[in-house]
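The values are calculated or read from the model by the stated rules, or taken from the named source; none is laboratory data. Note that this is a predicted model, so its numbers are computed, not measured. Please note: Cβ atoms are built from the backbone with ideal geometry, for glycine as well, and neighbour counts cover all protein chains shown. Ligands, DNA and RNA are stripped out before the accessible areas are found, and what is left, the full protein with its side chains, is counted by its heavy atoms. Shrake-Rupley method; radii C 1.70, N 1.55, O 1.52, S 1.80 Å.
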Amino acid sequence: MGTSFFLALLGGFSSDFFSTYYIYIISATIEFMGLLMLTLQACIPSLRQPICASVNRNAPCKEVGGGHIAMLFSGLYLVALGVGGIKGSLPSHGAEQFDENTPQGRKHRSSFFNYYIFCLACGALIAVTLVVWIEDNKGWQWGFGISTVAILSSIVIFLLGSRTYRIKVPTGSPMTTIFKVLVAAFSNSLFPKNSIGNVLDTRETPQNTTEISEEEGHGEQNTEIQTEMKDLKFIGKATVENTAYPSLHCTVKQVQDVKIVVQVVPIFMSTVMLNCCLAQLSTFSVQQAATMNTYIGALKVPPASLPIFPVIFTMILAPVYNHIIIPFARAVTKSEMGITHLQRIGMGLFLSVVAMAVAALVEMKRKRVAEQSGLMNSTEPLPITFLWVALQYLFLGSADLFSLAGLMEFFFTEAPLSMRSLTTALSWASLAMGYYLSSVIVSIVNHITGRFQQTPWLYGSNLNHYHLERFYWLMCILSGLNFFHYLLWATRYKYRSTKPDDKRDQLDNIPSEA
C-alpha cells in the first residue's frame, strides 16, 4: 500500500510528461497483468507452494521460495505500480474535462472530486464485504478473479469515452523546469555575474508569449506574470541574466511556476499528521474492538471489518456535502465556491483533532468497564459494544473526505498547467507518509516511556494494560499543534492560478500586461 501511494508521484510525473489519458491506460493494463498473475497462481497448484497441513511443531512448513515467491511479488508490485499510476493520472484526467473559465465548469469540477472520493468508498465497501466473504468461503482465486475482471472492465469503460475526452497537450517534464530553476538560482547566488536588479521581464519576448498562450483554460488573469521578486528571493535569482551560463537562463514564468509549487509544500506537509491519525483506524482501533462485544443483535461482526464504518460515513457525507452543505455555504457567503479549498482542508484537520479526543475518551470508558467488570486480565469480551469505537471512525472518516478531496482540488487548481498531475499526486504521498510516521511515533513513544516506566505505553499482549488513552491524547495534542501550523500557512497563502471567486470576474476585465 505504501509503495502504491508513493508510486502515485511517478504516475503524476508521467501524466504531466505524456498525458493523463495514456498513463491511465498503461497503468490499468499493468495492474491487470499483476492481478492476472496472482489469479493464475491462486488457481493453478503447480504455481504455488503446497498447502501446509502439518500440526507437528517439530515439522515446520516449507518456506516459499524460488519461482513461487518471484511470481507472488512480481504480481503484487505490478499491482502497486498500476495503482500508483492510476492514482496519479485519473483524478487529473477527470478534472481536465471541465471548463475552468466558467463558473458552472468550476462547480462541476469541485463536484467531480467529491464523487471521486465517493466512488473510492463504494469500491472499498465492496472489497471489505463481498470480496472478503467470497475469499473466505470460496478461495483466494475468486477474490483475485473478481478484481481482475473489475480492472479489465474499467479499461473498457474508460476507452468507450475516448472520443469525448479533453486531453491536455504535454508540455514537457515538470521536474526539468523545477530542477533548472533551482540550479540556476543556486548558481547565480554563488557566482553572480550581474546585479540582481537585472531581472529579465521575458513577457515581451516571443518565446515567453508562446508559453503564456499555452496556458489555455486559465483565463486572462491566470496568465498575468508577476515580476516582483519580493517573495522567495532565492528562487527569484534564477531570472538574473547570466551570460556565463546561458543554458541556465529561466523565464519569469518558469520561476513563478516553481514558486507556486514551493508555496503549496507547507500545505502538503500539514496533512501528513492527519493521515498519521487515520493509520490508527487499522491498528489500535481494531484491537480495541476485538476486546469488546462485537454483536449487533444476532450478527457477529469481525473486528477487521471495522473499516466499513468510515467507508459508509464517506458515502453518506459526500452527497450531503455536495448537495446540501455547499449550496448553503454559497448562499451564505455569496461566493462561487462557498467553502474554499483551504477552508475544507482546515475542516478536515480540525476534525482529526476532535477524533483523537473522542478516541481517548472512548478508551478511558473501555478500560473503566474492564476494571469494574474484573476483566482486566481476561480475554473475555467486555460488556460494552464495539460501536463506541465507531465514533472515532465517524470523525476520522469525515476528516478524510474533507481533506483528501479538498487537497486534490487545491493542488489541481493552484499548480501550473504543466505540473498539475504531479502536484495532485502529492495527496497520495501524504497518505503514505502518514502511515510511515505513525509507526515512527509508536516506536518513539515506547522507547521514551520504557525508559521512565516499567513497561512502555504500547507494549504487551493485553490491551487492557496499555496506556492507549495517553497515546491518543498525545496524538490529539500533536494534531492540534499541526492544525495551528496549518493555519499559519493557510492564512498567508494567496491563491495563484484561481483567484478568490468574488474577485475573479473583476480580474477578468483587467487587461493583462503581457
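So the values come out like this:
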| item | result |
| --- | --- |
| Whole-Hz ³J(HN,Hα) from phi, Karplus 6.51 cos²θ - 1.76 cosθ + 1.60, for region 398-415, glycine and proline x | 5, 4, 5, 4, 4, 6, 5, 5, x, 5, 5, 5, 4, 4, 5, 6, 8, 6 |
| Where 115, 436 fall by accessible area, highest first, once all protein chains stay in place (1.4 Å) | 436, 115 |
| Residue-by-residue Karplus 3J(HN,Hα) for region 267-282, coefficients 6.51, -1.76, 1.60, Hz, glycine and proline x | 5, 4, 5, 5, 8, 5, 5, 4, 5, 5, 5, 4, 4, 5, 5, 9 |
| In sequence order, calculated HN-Hα J values of region 318-332 (Karplus, 6.51, -1.76, 1.60; Hz; x Gly/Pro) | 4, x, 4, 4, 6, 9, 10, 5, 5, x, 5, 5, 5, 5, 6 |
| Peptides ranked, highest mean first, by Cβ atoms within 10 Å: ranges 460-470, 139-149, 253-263 | 253-263, 139-149, 460-470 |
| Size descriptor, Kirkwood hydrodynamic radius, that averages inverse alpha-carbon separations across region 4-122, Å | 16.9 Å |
| Tail beyond 20 Å, pair distance distribution of region 269-405 (Cα, percent) | 52 percent |
| Highest to lowest packing among 449-457, 411-419, 378-386, scored as the average C-beta count within 10 Å | 411-419, 378-386, 449-457 |
| Filter on 62/300; 107/494; 107/180; 107/168; 168/259 - keep pairs with C-alpha separation over 25 Å | 62/300; 107/180 |
| Residues whose placed amide H lies under 5 Å from that of residue 384, excluding near-sequence neighbours | 293 |
| Protection proxy ranking, peptides 89-97, 472-480, average beta carbon neighbours within 10 Å, highest first | 89-97, 472-480 |
| Heavy-atom SASA rank of 323, 485 (probe 1.4 Å, accessible area, largest first) | 323, 485 |
| Portion, in percent, of the accessible area of region 258-496 that falls on carbon or sulfur, probe 1.4 Å | 69 percent |
| Equivalent ellipsoid semi-axes, region 258-496, via Cα gyration tensor eigenvalues times 5, rooted, Å | 36, 21, 14 |
| Trypsin sites (Lys or Arg not before Pro) within region 57-129, DSSP loop, no more than 10 other Cβ atoms inside 10 Å | 57, 62 |
| Solvent exposure ordering (accessible area, 1.4 Å, most first) of 344, 368, 492, 48 | 492, 368, 48, 344 |
